[in-house]
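What follows is a short report on a single structure.
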Amino acid sequence: MTRPLLESKARRIWAIWLLLVIATVVSWTVGMDHGIDYRLSTTLVLVVTFVKVNLVGMNFLDLREAVLPLRAIFNTFCIIGCVGLTVMYIAST
């Protein structure tokens with residue numbers, strides 16, 4: 001790889017890492033008792049969690065460069081998992 005390409009990839013990795021840290025702080029803040037309805041806060045935490053799962057899988061597990069069927073399976077898992085858990089949680093409250 002050429003040097004600019006490596007630097008570009010390193011910048012992207014740092015940006016994704018920073019986004020993951022911010023998402024963690026957001027989900028922690030929303031999850032604490034700050035006057036937000038607990039159903040809404042739990043739903044937001046679930047969504048943030050699956051966004052983080054997708055970011056980690058695509059960027060740190062190299063699914064970004066994987067073949068299309070593997071990426072599609074992973075993205076489908078993230079969407080169905082998030083929607084399924086959210087629906088089960090809302091139905092149980």
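A short reminder: the numbers here are calculations on the coordinates, not readings from a lab. For clarity, every value in this text was computed on a predicted model and none was experimentally measured. Neighbour counts are summed over all protein chains in view; Cβ atoms, including those assigned to glycine, are modelled from backbone coordinates with ideal geometry.
Angle check, please: helix 68-92 long axis (alpha carbons) against the longest principal axis of the chain (alpha carbons), in degrees 0 to 90, nearest 10. On a 0 to 90 degree scale, this one is about 10.
In degrees from 0 to 90, rounded to the nearest 10, what is the angle of the helix 3-31 Cα long axis to the longest principal axis of the chain? The angle comes out near 10 degrees.
Would you compute, from DSSP H runs of 4+ residues alone, the mean residue ellipticity of the chain at 222 nm, taking -39500 (n - 2.57) per run and dividing by the full residue count, rounded to the nearest 500?
Details: 3 runs with 76 residues, N = 93.
Helix-only estimate at 222 nm: -29000 deg cm²/dmol.
Labels on offer are (i) 1.08; (ii) 0.92; (iii) 0.99, and the one holding Rg/Rh (Cα atoms, Kirkwood Rh) computed from this structure is (i). Here the residues Arg3, Arg11, Arg71, ranked from fewest to most Cβ neighbours within 10 Å of their Cβ, fall in the order Arg3, Arg11, Arg71. Does anyone have the angle between helix 38-59 and the longest principal axis of the chain? Alpha-carbon axes, 0 to 90°, nearest 10? Once rounded, one gets 10 degrees.
If I stretch the segment between Ala23 and Ile73 completely, what's the gain in nm (0.36 nm per residue apart, minus their alpha carbon distance), one decimal?
On the way: separation 50, 0.36 × 50 = 18.00 nm, distance 2.36 nm.
Extra length from Ala23 to Ile73 when fully extended: 15.6 nm.
Using the Cβ-Cβ distance between Tyr89 and Leu55 with R0 set to 30 Å, the FRET efficiency works out to roughly 0.85.
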